[in-house]
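Student: First, the structure itself, so that you have it in front of you.
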Amino acid sequence: MMPLLENVTMDEFAEGRKECRTVILPVGALEEHGSHLPLGTDAFHAEALARQVAECIPVWVAPLLFYGLCRSASEHPGTVGIRSQTLHSLIKDIVRGLYRQEMRNIVVLSGHAGGTHMAAMIDACEQLVPELPEIKIAVVSVLDIGSAAWNGILETQGDSHAGEAETSLMLHLRPGLVKGSAPEEYPVFPRYILVRNKRKFWNGGVWGNPGAASEEKGIMLMERSVRALVELIGRLEAWFEDDES
Ligand SMILES: [Zn+2]
């Protein structure tokens, strides 16, 4: 297994990058996850997934970027987000830095799946494609991976935040941090209108059904996610675009 990027020496890295030029950058969020899950849920999930993938294939795992852009949960206790401009700059600087260190296949793996958060990161990376000629880059959330890979495991329709999936995952990954369960909730925000008082529309901070969660499901969700991400990295490494086509 490749050692974690923050643990190697300069010489070990210089040697290691001759063999491996693929790196995962896990991104999280410090965000409410209902009354029962830790604020770091998304970060713990992304980091665990990246590290488990690194046990299967040669890939560097960069240190976790713990903060992300939070909209719907921004008024709930504990959520600390960063602006899209900040996220955009951070992602660009870190990816440029990894590229400068001869990384060529880069996977930005986000544990937080908010649409605006993902859009900011995708836009940042789009700008890097023409700038860094040899880069191959993928931007993907754990829910993007799960949408296909988790088929048949989850019972809840539209489960997305602190519900069946994330509660199951935390019961598996950080059981000591799970404080019981929380009521099922499916918030309805007004269409198109940006609301000031977000808790009025989403009191409990859950989207889905935590009551359907189990540690066993968490284990299965992780296994399927690892397999799907290994497959994606294989496709990225083999990706080739003919300049003349
Ligand atoms: Zn989450």
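The values are calculated or read from the model by the stated rules, or taken from the named source; none is laboratory data. A quick note: this is a predicted structure, and the numbers were derived from the prediction, not measured. Ideal geometry is used to build each Cβ from the backbone, glycine not excepted, and the neighbour counts take in all protein chains shown.
Student: Residues of segment 48-82 being of a type outside the set (A, V, I, L, M, F, W, C), surrounded by fewer than 23 Cβ atoms within 10 Å (Cβ to Cβ), within 16 Å of the ligand (Cβ to nearest atom) and within 17 Å of Val108 (Cα to Cα), which ones?
Tutor: Residues of segment 48-82 of a type outside the set (A, V, I, L, M, F, W, C): 51-52, 55, 58, 63, 67-68, 71-72, 74-79, 81.
Now drop any that are not surrounded by fewer than 23 Cβ atoms within 10 Å (Cβ to Cβ), which leaves 51-52, 55, 58, 63, 67, 71-72, 74-79, 81.
With within 16 Å of the ligand (Cβ to nearest atom) added as a condition, the list becomes 67, 71-72, 74, 76-79, 81.
Hit for segment 48-82 is Tyr67, nothing else.
Student: I'm trying to understand the selection: among the residues of segment 154-164, which are small (Gly, Ala, Ser), at negative phi and near the ligand (Cβ under 9 Å from one of its atoms)? Don't jump to the end; show me each part of the working.
Tutor: Filtering segment 154-164 for residues small (Gly, Ala, Ser) gives 158, 160, 162-163.
Okay, now just the ones that are also at negative phi, so 160, 163.
Matches in segment 154-164: Ser160 only.
Student: While we're on this one: Do any residues in segment 34-50 that are assigned to a loop (DSSP other than H, G, I, E, B) have Cβ atoms under 7 Å from those of residues that are of a type in the set (Asp, Glu) and at pLDDT 95 or above, where the two are at least six apart or on different chains, and which pairs are they?
Tutor: Going by the 7 Å Cβ cut-off, the qualifying pairs are Leu39/Glu31; Leu39/Glu32.
Student: Which count do you get for residues in segment 8-36 that are under 25 Å from Ser110 (Cβ atoms) and either of a type in the set (S, T, N, Q) or within 16 Å of the ligand (Cβ to nearest atom) (or both)?
Tutor: Number satisfying all stated conditions: 12.
Student: Right, next: When you check Lys18 against the structure, is it of a type in the set (Lys, Arg) and either without any contact (Cβ under 8 Å) to a residue 24 or more places away in the chain or more than 23 Å from Lys136 (Cβ to Cβ) (or both), yes or no? Before the answer, list the steps.
Tutor: Details: of a type in the set (Lys, Arg): yes; either without any contact (Cβ under 8 Å) to a residue 24 or more places away in the chain or more than 23 Å from Lys136 (Cβ to Cβ) (or both): yes.
Judged against the criteria, Lys18 is a match.
Student: Can you give me the number of residues within segment 9-30 that are surrounded by fewer than 14 Cβ atoms within 10 Å (Cβ to Cβ) and either in contact with a Ser or Thr (Cβ under 6 Å, 6 or more places away or on another chain) or of a type in the set (D, E, K, R) (or both)?
Tutor: Let us first name the residues in segment 9-30 that are surrounded by fewer than 14 Cβ atoms within 10 Å (Cβ to Cβ), namely 9-12, 14-15, 18-19.
Now restrict to residues that are either in contact with a Ser or Thr (Cβ under 6 Å, 6 or more places away or on another chain) or of a type in the set (D, E, K, R) (or both): 11-12, 15, 18-19.
Adding up the residues that qualify gives 5.
Student: Condition first: within 16 Å of the ligand (Cβ to nearest atom) and either more than 20 Å from Thr79 (Cα to Cα) or within 10 Å of the chain's Cα centre (by Cα) (or both). Now tell me which residues in segment 115-133 satisfy that.
Tutor: Of all residues in segment 115-133, those within 16 Å of the ligand (Cβ to nearest atom) come to 115-118, 121.
Met118 - this is the single residue of segment 115-133 that is within 16 Å of the ligand (Cβ to nearest atom) and either more than 20 Å from Thr79 (Cα to Cα) or within 10 Å of the chain's Cα centre (by Cα) (or both).
Student: Ok, one more. Can you tell me which of (1) part of a loop (DSSP other than H, G, I, E, B); (2) out of contact with any Asp or Glu (no Cβ under 6 Å at 6 or more places or on another chain) is the one Ser147 doesn't meet?
Tutor: Unmet condition: (1).
Student: What's the total number of residues in segment 95-114 that are part of a helix (DSSP H, G or I) and either within 16 Å of the ligand (Cβ to nearest atom) or more than 16 Å from the chain's Cα centre (by Cα) (or both)? Write out each step before concluding.
Tutor: Filtering segment 95-114 down to residues part of a helix (DSSP H, G or I) leaves 95-100.
Pick out the ones that are also either within 16 Å of the ligand (Cβ to nearest atom) or more than 16 Å from the chain's Cα centre (by Cα) (or both) and you get 96-100.
Total meeting the criteria: 5.
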